[in-house]
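Everything below concerns the one structure shown next.
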Amino acid sequence: MKRSRVVILVTIISIFVAFSTFVVSNYVQIRLDDKILVSADRYEELQALEDRFSKVLYLEGYIRDHYYKDIENIPFDDYLLKGVFEAVDDPYSAYMTREEFDAFKEINSGTYSGIGVTVTEGEDRIVTVVSPIEGTPGEAAGLKPGDRIVKVDGIDIRGESLDYAVSLIKGEEGTSVDLTIDRDGSDIFTVTITRAVVVTKAVNFEVLDHDVGYLRIVTFDDKSFSEFEAAVNQLLEKGVSSLVIDLRNNPGGSLHEVVEIADLLLGEQIIVYTQDREGHKEVERSDRSRVDLPLVVLTNRGSASASEILTAAIQDSNSGIVIGETTFGKGVVQISVPLRDGSAFKLTISEYFTPNGVNIHGVGIEPDIGLEDIEAQGYDLEESEDGVLDFAVDYLKTINQGAGHDH
């Protein structure tokens, strides 16, 4: 028994000595007066950091000492961190200060003060309208998908960061902002927009022409699926025989929410899959249960991201017809990572692919029936309030009559 205890004691002491040696050799710093002794490994790490960032510190110091204006309040660290993300040349990846992250969360919550327009950074680094949100000052002012914002209150923002531009556009309720717009490269004009509290309702719905269920998905936020499911159930209780899903000017949003909505509409199939740079795939699938009604999806240039996921899933499986315009073409996925000081960053981590294996980034999804086809059948898209919707309703009525489902 004593021998066993001795063996155990020796083992414990050996482990402690080995651990202590490791800690001392790698981590422990010993202070001698005004000097600190560190391990060789730690010294090499510190030397590498100095070699990497000494130029940055030198330049910052030189600017502070010699720039001809007072720059005491410039947040150099924030600009350095933003520059790290600009190196990847991706408008969807960015560092956000605490204030910018708070604004980001506010917008995604569905309630904020601004003009109600979703924007992105175009390939030419000019802030571009993805879509105005329904019922907001931006929509009332006539802003359109593809409009390029070149000035905000007279400040030229061409080449500036997207976050900086958004900070200028947002503001308190009741205040106004002047936007200089470049539309199609030929029409440049300035529009004054009064900011308001923007409250987005994710889903609006009604019955059209007695038995066509109309569902307008404004955005894919945290409440989109619950609102959509409730709307579909109410439409079914009213006896609709077909559905129109309107995704026009829907800028996208939550991948989880759009997958849940697609699962409600589709049978057993792939909805979408994402793939990172290592080739790792994550596949989202729907089950067999579905709302089995004739289906039309309406799209335009402002239909982006999650809207395109739903559109492609319906189109690739022949579960419905897509009517309208080619979509925006955003086929990449981001994560948002909060940091301890309240700041955060967004980073593109993967691409997404339609059920047929197509990545639509920069390309978009072409409709099955385009605007020219609709006009060729006698619909006046300029004079009518919504000729595309009128065509969609007539198209579904024709299908229902042919199938013997006319009420």
- Message: List the residue pairs whose Cβ atoms are under 6 Å apart, where the first residue sits in the stretch 258-271 and is surrounded by 20 or more Cβ atoms within 10 Å (Cβ to Cβ), the second is among the aromatic types (Phe, Trp, Tyr), and the two are 6 or more positions apart or on different chains.
- Response: VAL258/PHE220; ILE261/PHE225; ILE261/PHE228
- strands (runs of 3 or more DSSP E) within the stretch 173-251 that include 1 or more residues of a type in the set (S, T, N, Q), farther than 20 Å from VAL291 by Cα and within 27 Å of the chain's Cα centre (by Cα): 176-183, 187-194
- Task: Would you confirm whether any residue within the stretch 342-362 is at pLDDT below 95 and among the polar types (S, T, N, Q)?
- Result: no
- Which residues, taken from the stretch 273-291, are within 12 Å of ILE349 (Cα to Cα) and among the hydrophobic types (A, V, I, L, M, F, W, C)? none
- Message: Looking only at the stretch 133-158, filter to residues that are within 13 Å of ARG183 (Cβ to Cβ) and hydrophobic (A, V, I, L, M, F, W, C); which one of those is surrounded by the most Cβ atoms within 10 Å (Cβ to Cβ)?
- Response: LEU143
- Positions within the stretch 290-321 being within 16 Å of ILE270 (Cβ to Cβ) and among the charged types (D, E, K, R), in sequence order: ARG290, GLU308, ASP316
- Query: Which residue out of VAL259, VAL272, VAL212, VAL177 is closer than 22 Å to GLY135 by Cα and among the aliphatic types (A, V, I, L, M)?
  - Reply: VAL177
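Results for (1) of a type in the set (Gly, Ala, Ser); (2) within 28 Å of VAL119 (Cβ to Cβ), shown as yes or no for each residue.
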{"residue": "SER303", "(1), (2)": "yes, yes"}
{"residue": "VAL332", "(1), (2)": "no, yes"}
{"residue": "GLU366", "(1), (2)": "no, yes"}
{"residue": "ASP373", "(1), (2)": "no, no"}
{"residue": "GLU382", "(1), (2)": "no, yes"}
{"residue": "TYR395", "(1), (2)": "no, no"}
- Kindly indicate the residue of the stretch 61-106 that is basic (Lys, Arg) and in contact (Cβ under 8 Å) with a residue 60 or more places away in the chain and also nearest to ASP222 (Cα to Cα) among those meeting that condition. ARG98
- Query: Does GLU284 qualify as being free of Cβ contacts under 8 Å to residues at least 60 places away in the same chain, within 23 Å of TYR395 (Cα to Cα) and not β-branched (Val, Ile, Thr)?
  - Reply: no
- Could you count how many residues in the stretch 90-132 are of a type in the set (Lys, Arg) and buried (at least 22 other Cβ atoms within 10 Å of the Cβ)? 0
- Please specify each residue of the stretch 45-77 satisfying the condition of being of a type in the set (Asp, Glu) and not in a helix (DSSP H, G or I). ASP70, GLU72
- Task: Scan the strands (runs of 3 or more DSSP E) fully inside the stretch 78-122 and keep the ones with 3 or more residues being at pLDDT 90 or above.
- Result: 94-96
- The number of residues in the stretch 354-381 that are outside any helix (DSSP H, G or I) and closer than 24 Å to THR128 by Cβ is 13
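Can you name every residue in the stretch 131-152 that is assigned to a loop (DSSP other than H, G, I, E, B) and in contact with a helix residue (DSSP H, G or I) (Cβ under 7 Å, 6 or more places away or on another chain)?
ILE133
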- Residues of the stretch 354-402 that turn out to be touching a residue at least 12 places away in the same chain (Cβ under 8 Å) and under 20 Å from SER317 (Cβ atoms), as a count: 17
- Task: Select from the stretch 329-353 the residues that are without any contact (Cβ under 8 Å) to a residue 24 or more places away in the chain and outside any strand (DSSP E or B) and write down the one among them that is nearest to the chain's Cα centre (by Cα).
- Result: LEU339
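The values are calculated or read from the model by the stated rules, or taken from the named source; none is laboratory data. Everything numeric here is computed off the predicted structure, so don't read it as measured data. Methodologically, a virtual Cβ is constructed for each residue, glycine included, from the backbone with ideal geometry; neighbour enumeration extends over all protein chains shown.
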